[in-house]
Structures are given as structure tokens and as C-alpha cells.
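Working notes, structure below.
The values are calculated or read from the model by the stated rules, or taken from the named source; none is laboratory data. Because the structure is a prediction, the values reported are computed rather than measured. Cβ: placed from backbone, ideal geometry, glycine included. Neighbour counts: every protein chain shown.
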Amino acid sequence: MERRIYLDHAAAMPVRPEVARFGRGFPDGFIGNPSTLYREGLAAQEAVSRAREKVAALVGARAPDSIIFTGGATESNNIAIRGTALRNKKSGKNVVASAIEHISVLNPAKDLQKNGFSLTLVPVDRYGTIDLSALDAAVTPETVVTSVHYANNEIGTVEPIREVAAIVHDRGGLFHVDATDAAGRIPIDVERDGIDLLTLSGNQLGGPQGTGALYVRPGVRVQPVLVGGGQERGLRPGTENVVGIACMGEAARITKEEMPEESRRLAAIRDRLISGITGLPEAYLTGHPTERLPHHASFRFSRIEGESIQLAMNMLGIAVATGSACTSRTLEASHVLLAIGLAHEEAHGSMVATLGRANSVDEVPRIVGAVEETIKRLRAITPL
């Protein structure tokens, strides 16, 4: 029986073995609460503090205290969008985002509209690159926060972050970046890139699910989305997940160390995969051909449905995605694919392959062959 091939690392990454071993290094019965001052609590404080330093180093943050640990990227995005807008509403009540942001950015922004804010969505080109001229027109002195992801999770396009930051700061606004899919794949430096708030996911670094972080530049005012105690500078109340946070920190450390070599390795596999699949009939690359994440290959196929592709590939022993995992339960066409100009029927025929440490170039022929078999069989029975 052939070994399964997993190609959906954008949805969930396996916890790195080194990180799992690191987590098991905590003693049995570990009970430290970082808010206490006795020995066990101080040990927990130290574990969280070390993790904060490791995550800060990954994204170039000079002050470790600028890292706020959360329960995941969705929570970080909510704090960044809702918390920043509500805390600074005296400066303006407009929020700007690219039209292809993750729903954990778009939905909090839309929720703010119920509280008197306006939302402006900025278009992208056919590759998913934000229209800087449209952004320049959209961001005004009334814009309190602008959110543009570092790279898109569905089509892999990397955005011109520094140019976006210059426009936002020229109007006096705050700039949030969702780096969930980019962190650990491409170099990020919040100081160099002009980023005020940055979202991270622990699992996307090879750490445990249910862990995340938000970088908040010193001096930026944010209010909590949940209220409670004073943990995490008052922005994320509740007892910290000490072991999970420590494991996220260790994953960030290892990822930073391995990123240059691993990104080059994955990019070579990605390019072979793109070459093979786009050589098939009526198969097209989505996203930017060169300015894309090193582990990300995304496609659309004429006259077949993405869900059928996913199920057929699964039967052939290969796990792939169709759009974002966070929207896969809906029957609607991807807002990302519609925003890059695809018709509804084109947007429904998508497949996303995201690579990880266990993938190798030797798998490419089998993957391409499975895609070819899948699209031939589905087109033979499709009513489209």
C-alpha cells in the first residue's frame, strides 16, 4: 500500500517531533500559573518569557513584551481588528482591508460596521496582488486600521508589505498584517516592514494547535476583545497555556534556524509540481507565478468541482485542499478566487497543495499522475 501524501499544511501542520519532545520535557504534574509568585509560578513565568523571546526573534521584534500570546490566529486577528479600531475610534471610524483577506479578518471588520464603523475593501489584480493605487485612494485620515495579509492562504501570493505600510503610515493609520501563512516561510521583520500589529499561528510553525500570538508595536493602543484578568498586558485575559506557549516558542526558534534552507527545498518541489500540473489540459495556476510562498501551489480546473477533486484525490491517497479550510463547509465560491476575476464556475474548480517537511521531490510524479487521473475521470461524468 502506497504511503499517503499530505498536501494541506495551510490547514494544519503536524507538530514537529522536536517540539513534541520539548513539550514532554516539562515534569509530570506541572502546575505553574504565571500570575503567581511562588516557585512553581516563577517557573511558568520563565517558560512563557523564553517563548516570548523566541517568537519576537522570528519576526524581528526588538521588545519581547510586544508579543501577546493567544489561542490562535483567529483570536489574534480579532484583537488586532476589533481591539485596535474600538480603542482608537476617536481618531477615525474607517477600517480598510484587501478584498482577499482571511474571513477571520473580514468578519471582525464587518462586525465593526454594526458599531458605526465603515469598511472599505481594496481590490487586487488577477494574481491577487493588492492594487496600491486603489489602496492609496481608500486609506484616509479617518482610517484607524488597515489590514493586508503578508501572503494569501488560498493562492499563495505575497503582498508588497512595505509599500502598503508606507501608504497607511502616510495617513497616520495603524497597519495590521496577518502573517499566519508567511511566518517561517519567508523572512519577516516588523521593524523593517513597518508593521504595527502582526498575527501568528503556532501550528503553522510546527507547534501545537490552539496557540497563537499577536505582535503589538510598543505604543500602539489596543483594547481587549474579552475582559477578565490582566494577563498578556491585559489584552488576552485568562490563565496562559504555559506548555502550549513554550512549544510555540520552540517551534519559532527551530523554524527561524531552518527557514532559509527549507524554503529553498520546498520552492524546488513547488516549481516541479506547478510545471507538471499546468501541463495538463485546462489546468491553470492561480496566484502570482513568482511572488508566491515557497511551499504553495494552487490551481483551477475547467468543468469540474473542487470538492470532487478533493474526494477523488483522497481516494488515491493524497490530501489536498479546495480553498480555505475555514470556508470549506460552505457551498459558495471562494471570495478570493472571485476577487481575482474568476467566474463562479471557474472558482468552484480549485485545488490547493501546500507542502511541508515530510514532502519530497520524488512525490511529484505520483501527485501529477493522480491529478491527471482525477480530472479525466471527473470530466467524463460532469454535467458542466
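Return the total of residues in the stretch 84-96 being assigned to a helix (DSSP H, G or I), of a type in the set (G, A, S) and surrounded by fewer than 24 Cβ atoms within 10 Å (Cβ to Cβ).
So the count comes out to 1.
Which of the numbered conditions does E345 fail, given that it passes all the others? Conditions: (1) over 17 Å from the mean Cα position of the chain (by Cα); (2) closer than 17 Å to V368 by Cβ.
(2)
Quick one: is P260 surrounded by fewer than 19 Cβ atoms within 10 Å (Cβ to Cβ) and either within 21 Å of the chain's Cα centre (by Cα) or in a helix (DSSP H, G or I) (or both)?
Yes, satisfied.
Cβ-Cβ distance below 8 Å, separation of 6 or more or different chains: which pairs start in the stretch 240-268 with a residue that is in the same structural domain as Q204 (by TED's automatic domain parsing) and under 30 Å from L42 (Cα atoms) and end on one that is modelled with pLDDT of 95 or more and of a type in the set (F, W, Y)?
Pairs that qualify, where the first residue is in the same structural domain as Q204 (by TED's automatic domain parsing) and under 30 Å from L42 (Cα atoms) and the partner is modelled with pLDDT of 95 or more and of a type in the set (F, W, Y), are E240/F69; N241/F69; I245/F69; A246/F22; C247/F22; M248/F69; E250/F22.
Can you name the number of the only condition in (1) more than 30 Å from V320 (Cα to Cα); (2) buried (at least 19 other Cβ atoms within 10 Å of the Cβ); (3) more than 18 Å from the chain's Cα centre (by Cα); (4) not aromatic (F, W, Y) that I195 fails?
(3)
Any chance the stretch 318-329 includes a residue that's surrounded by fewer than 22 Cβ atoms within 10 Å (Cβ to Cβ), of a type in the set (S, T, N, Q), at pLDDT below 95 and assigned to a loop (DSSP other than H, G, I, E, B)?
The answer is yes, given that some residue of the stretch 318-329 is surrounded by fewer than 22 Cβ atoms within 10 Å (Cβ to Cβ), of a type in the set (S, T, N, Q), at pLDDT below 95 and assigned to a loop (DSSP other than H, G, I, E, B).
Would you check which residues across the stretch 333-356 are outside any loop (DSSP other than H, G, I, E, B) and in contact (Cβ under 8 Å) with a residue 12 or more places away in the chain and list them?
H335, V336, L337, A339, E345, E346, A347, S350, M351, V352, A353, T354
Does T146 meet the test of being crowded, with 23+ Cβ neighbours inside 10 Å and touching a residue at least 60 places away in the same chain (Cβ under 8 Å)?
no
So, in the stretch 357-377, exactly how many residues are part of a helix (DSSP H, G or I) and touching a residue at least 40 places away in the same chain (Cβ under 8 Å)?
Selection size over the stretch 357-377: 14.
I'd like to verify a number: residues in the stretch 64-77 that are surrounded by 24 or more Cβ atoms within 10 Å (Cβ to Cβ) and not hydrophobic (A, V, I, L, M, F, W, C), how many?
3
Any residue at all in the stretch 227-234 that is among the small types (G, A, S), free of Cβ contacts under 8 Å to residues at least 40 places away in the same chain and not in a loop (DSSP other than H, G, I, E, B)?
Yes, because at least one residue in the stretch 227-234 is among the small types (G, A, S), free of Cβ contacts under 8 Å to residues at least 40 places away in the same chain and not in a loop (DSSP other than H, G, I, E, B).
Within the stretch 356-373, track down each residue that is within 26 Å of the chain's Cα centre (by Cα), surrounded by fewer than 16 Cβ atoms within 10 Å (Cβ to Cβ) and small (G, A, S).
Across the stretch 356-373, the qualifying residues are A358, S360.
Name the residue, out of A80, A99, A61, that is surrounded by 18 or more Cβ atoms within 10 Å (Cβ to Cβ), of a type in the set (G, A, S), more than 14 Å from I195 (Cβ to Cβ) and in contact (Cβ under 8 Å) with a residue 60 or more places away in the chain.
A99
Of all residues in the stretch 168-186, count the ones that are part of a loop (DSSP other than H, G, I, E, B) and either farther than 20 Å from S66 by Cβ or under 14 Å from the mean Cα position of the chain (by Cα) (or both).
Number satisfying all stated conditions: 8.
Consider only pairs whose beta carbons are under 9 Å apart and that are at least six residues apart or on different chains; among these, list those whose first residue lies in the stretch 110-130 and is not assigned by TED's automatic domain parsing to the domain that holds S91 and whose second residue is surrounded by fewer than 19 Cβ atoms within 10 Å (Cβ to Cβ).
none
Name the residue that is farthest from A252 (Cα to Cα), counting only residues in the stretch 1-42 that are acidic (D, E) and not in a loop (DSSP other than H, G, I, E, B).
E40
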